[in-house]
1. Rg to Rh for the stretch 34-108: what is it, with Cα atoms only and Rh by Kirkwood?
2. What list of whole percents do you get for P(r) of the stretch 49-91, with Cα-Cα distances grouped in 10 Å bins up to the one holding the largest distance?
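Every number in this text was worked out from the coordinates using simple rules, so none of it is lab data. Remember, predicted model here, so these are calculated numbers, not experimental data.
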């Protein structure tokens, strides 16, 4: 339950303004079974130039920052554009919000310094979604 509360706090902490509209997109990234869920997202970001930053988010130390541009390159401009459109913001605004929210969410979902099993995570994300309304 602490893991869920921490993740919920990370999301709510970033939900001011346009960031709130991106929450569903971020949760979808973390839950996407086709791309491997959180494990797949962490691997994809690591493989696309963000290895040091992602390792810091998963690890137990402080989180390295990442730019919106770097996240757009790692996630793919099409994915960021789709999330921006769904949230009703520009792609640059979405990438900036993602650069703020995604590290905190991944950090919150990996408190012991490792990525949890996707089945456990899926149940937790469903609970977080229900609490977000």
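1. 0.95
2. Whole-percent P(r) values from 0 Å outward: 28, 41, 27, 4.
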